[in-house]
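**Q** The structure is given below, and queries will be raised subsequently.
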Amino acid sequence: MLCQKCKVKEAQFQFTKTEDGQVVKLSLCAECAAALKMPLADKTVDLSGMMAELKNQLDQLQETLAADTPPAGQHACPVCGMKRTDVLKKGRLGCDRCYEVFGAEMVPVVVSLQRGDQHVGKVPKRISSGLRLSVETGRLRRELDKAIAAEKYEEAALLRDQLRALSAGKEQL
């Protein structure tokens, strides 16, 4: 692409700015950019330093967001009085009602601390077969979605058939 100012040399810089609500893009060679005193036209850019700084800023933002929420968003369990900050400090909920009050807020915390948000431990024998069916159904649905997204339609058809067989087995229970 040629420089939009001199129309002779190859453009080396792309500048984007907003003027009167309109986005204006300008492609310039090094000389024209320097003549217009455009930022960074005469400097080399340290991308690794910029990326490191960006990562630091994102880490700080994440820490800020993970810190205690402001008092306006601070709600407590109506049964035991436990607050979100108390739950995060202690690492456990106060009562069974806390699961309803803090449930949506705690899912990302649980997922980050554990391998996921699904229980993988022991379950009572009387409910284990139904639970296995629902877990297997969920797994097959996720695989089906992935196969469709990857346009692997033969694999998707097999997964669909397995899902149908599972649901037929559920109806017989």
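**Q** Tell me yes or no: at least one residue of the stretch 20-28 is modelled with pLDDT of 80 or more, among the charged types (D, E, K, R) and touching a helix residue (DSSP H, G or I) at 6+ places or on another chain (Cβ under 7 Å).
**A** Checking the stretch 20-28: not a single residue is modelled with pLDDT of 80 or more, among the charged types (D, E, K, R) and touching a helix residue (DSSP H, G or I) at 6+ places or on another chain (Cβ under 7 Å).
**Q** How about the stretch 75-109: which of its residues are in contact with a helix residue (DSSP H, G or I) (Cβ under 6 Å, 6 or more places away or on another chain) and exposed (fewer than 11 other Cβ atoms within 10 Å of the Cβ)?
**A** Matches in the stretch 75-109: none.
**Q** Mind listing whichever residues of the stretch 5-19 are in a strand (DSSP E or B) and at pLDDT 85 or above? Before the answer, list the steps.
**A** Restricting attention to the stretch 5-19, the residues satisfying the condition of being in a strand (DSSP E or B) are 10, 13-19.
Matches in the stretch 5-19: Glu10 only.
**Q** Are there any pairs, at least 6 apart or on different chains, whose C-beta atoms fall under 8 Å, with the first in the stretch 1-18 and assigned by TED's automatic domain parsing to the domain that holds Lys37 and loosely packed, with under 10 Cβ neighbours inside 10 Å and the second among the hydrophobic types (A, V, I, L, M, F, W, C) and not in a loop (DSSP other than H, G, I, E, B), and if so, which?
**A** Hits for this filter: Thr16/Val23; Thr16/Val24; Thr16/Leu26; Thr18/Val24.
**Q** Assess whether Thr137 counts as being polar (S, T, N, Q), at pLDDT 70 or above, surrounded by 12 or more Cβ atoms within 10 Å (Cβ to Cβ) and touching an Asp or Glu at 6+ places or on another chain (Cβ under 8 Å).
**A** Details: polar (S, T, N, Q): yes; at pLDDT 70 or above: yes; surrounded by 12 or more Cβ atoms within 10 Å (Cβ to Cβ): yes; touching an Asp or Glu at 6+ places or on another chain (Cβ under 8 Å): no.
For Thr137, the condition - polar (S, T, N, Q), at pLDDT 70 or above, surrounded by 12 or more Cβ atoms within 10 Å (Cβ to Cβ) and touching an Asp or Glu at 6+ places or on another chain (Cβ under 8 Å) - is not met.
The values are calculated or read from the model by the stated rules, or taken from the named source; none is laboratory data. Worth saying up front: this structure is predicted, and the values here are computed from it rather than measured. Counting neighbours? That spans all protein chains shown, and the Cβs are built from the backbone with ideal geometry, glycine included.
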